[in-house]
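Participant: To start, I am sharing the structure in question, which I have written as structure tokens.
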Amino acid sequence: MSVDTPEDLDGLRRAGRAVSATLREVARRVRPGVTTGELDALAARVLARYGARSAPALVYGFPGTICISVDDEAVHGIPGPRRLRAGQLVKLDVTAELDGYYADAAISVPVGRVPPRVARMAATAQAALRRGMQAARAGAPTNAIGRAVQDEAERRGCAVLGELTGHGIGRSIHEDPTVPNVYVPGLDAPLREGTVITIEPILGLGSSAIRAGEDGWTILTADGAPSAHAEHTLVVSAGEPSVLTGAG
């Protein structure tokens, strides 16, 4: 969507606050022994406190409140009875709907101490996200975002899972434009001021290939290597984008 009125921006900010608060509170509970289902139940309580709803459940019938993906699970992991173990990397992906507006963000959270290369990958996902956001300027080609993300990730030794992309958002979860995490030569339409998008680097420590899980939802790395995910929802402007899912 495009932000056309102050009411649009206020609605998006409120949805973004619900998302960021949910991520903060759930991330604090990540520790060895907790189940992903317990984390999901907490997410449901936080969203309810803000008057928000789970967008994946609302729009797609996802069997959980948030997506919780572990190790080689890249995205869309289903919460359940699995207990987390020290050394794992957990991706928390929260998409909320509030009064008809949507926002989406993700972080990668270590369970206790993780191997150094996994910690570096999680840090790389955040760095690639920052680089992608710096490239998101009105008038810049859409593929400038993917170029920035890919350059940063590969410079730091990580593979970009290029089939997984960011997207437009605002009045539903997935809207135009598609926002790839790699450089796509033909995707050179200029970004427009006021457009609401997500940027979400999804990285791996092995190849860039992915596969679908047997549950019909989870997407995993094809080679079983760990993955990391970082994401924000933002509004494109002529200068720094307005991040809707940041702290606060």
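Participant: I'd like the distance between the alpha-carbon centres of the stretch 79-109 and the stretch 216-248, rounded to an integer number of Å.
Facilitator: Value for the Cα centre distance between the two parts: 11 Å.
Participant: Would you mind computing, in nm to one decimal, how far apart the modelled labels at ASP10 and ALA119 are, each placed 7 Å from Cα along Cα→Cβ?
Facilitator: My value for the distance between the label points is 4.5 nm.
Participant: Taking the simple approach of a point 7 Å from Cα along Cα-to-Cβ for both SER237 and ARG171, what is their distance in nm?
Facilitator: 2.3
Participant: What value, in deg cm²/dmol to 500, does the helix sum -39500 (n - 2.57) over DSSP H runs of n ≥ 4 give at 222 nm once divided by the residues of the chain?
Facilitator: Theoretical 222 nm ellipticity from helices: -10000 deg cm²/dmol.
Participant: Note down the net charge around SER227, summing +1 for each Lys or Arg and -1 for each Asp or Glu among other residues with Cβ under 9 Å from its Cβ.
Facilitator: Residues near SER227 contribute -2 overall.
Participant: Here's a follow-up. Which value, in debye to the nearest 20, describes the size of the charge dipole of the chain about its Cα centre when Lys and Arg Cβ atoms bear +1, Asp and Glu Cβ atoms bear -1, and nothing else is charged?
Facilitator: 1080
Participant: Let me ask something else about it. Cα atoms only: what Rg and Dmax, in Å, come out for the chain?
Facilitator: Rg then Dmax for the chain, in Å: 16.7, 48.
Participant: Hand me the trypsin sites (Lys or Arg not before Pro) from the stretch 171-248 located in a DSSP loop with no more than 13 other Cβ atoms within 10 Å, in residue order please.
Facilitator: ARG192
Participant: Determine the gain in length on full extension of the stretch ASP223-ASP188; use 0.36 nm per residue of separation and subtract their C-alpha separation, reporting nm with one decimal. All intermediate terms of the calculation are to be shown ahead of the outcome.
Facilitator: On the way: separation 35, 0.36 × 35 = 12.60 nm, distance 3.17 nm.
Contour length minus Cα-Cα distance gives 9.4 nm.
Participant: Turning to a different aspect of this structure: How large, in Å, is the stretch 125-173 by the Kirkwood hydrodynamic radius built from its alpha-carbon pairs?
Facilitator: Hydrodynamic radius (Kirkwood, Cα pairs) of the stretch 125-173 is 11.5 Å.
Participant: Tell me, what is the FRET efficiency for ARG28 and ALA212 to the nearest 0.05, using R0 = 30 angstrom and their Cβ-Cβ distance as r?
Facilitator: The calculated FRET efficiency here is 0.45.
Participant: Determine by what factor the alpha-carbon radius of gyration of the stretch 166-226 differs from 2.2 N^0.38 Å, reporting the quotient.
Facilitator: Normalised by 2.2 N^0.38 Å, the Cα Rg of the stretch 166-226 equals 1.37.
Participant: Residue separation times 0.36 nm, minus the C-alpha to C-alpha distance between THR35 and SER2: what's the value?
Facilitator: Between THR35 and SER2, full extension yields 8.0 nm more.
Participant: Show me, bin by bin at 5 Å from 0, the whole-percent P(r) of the stretch 114-239 based on Cα pairs.
Facilitator: For the stretch 114-239, the pair-distance distribution reads 2, 13, 22, 22, 19, 13, 7, 3, 0.
Participant: Over the Cα atoms, compute the radius of gyration (one decimal) and Dmax (the largest Cα-Cα distance, rounded to a whole number) for the stretch 62-125, in Å.
Facilitator: 13.1, 42
Participant: Let me see the P(r) profile for the stretch 1-148: every Cα-Cα distance counted, bins of 10 Å, each bin given as a percent of all pairs.
Facilitator: With 10 Å bins starting at 0, P(r) equals 11, 36, 35, 16, 2.
Taken together, the values in this text are just the output of simple stated rules run on the coordinates, not laboratory data. This one's a predicted model, so the numbers in the text were calculated from it and none came from an experiment. Neighbour counts are summed over all protein chains in view; Cβ atoms, including those assigned to glycine, are modelled from backbone coordinates with ideal geometry.
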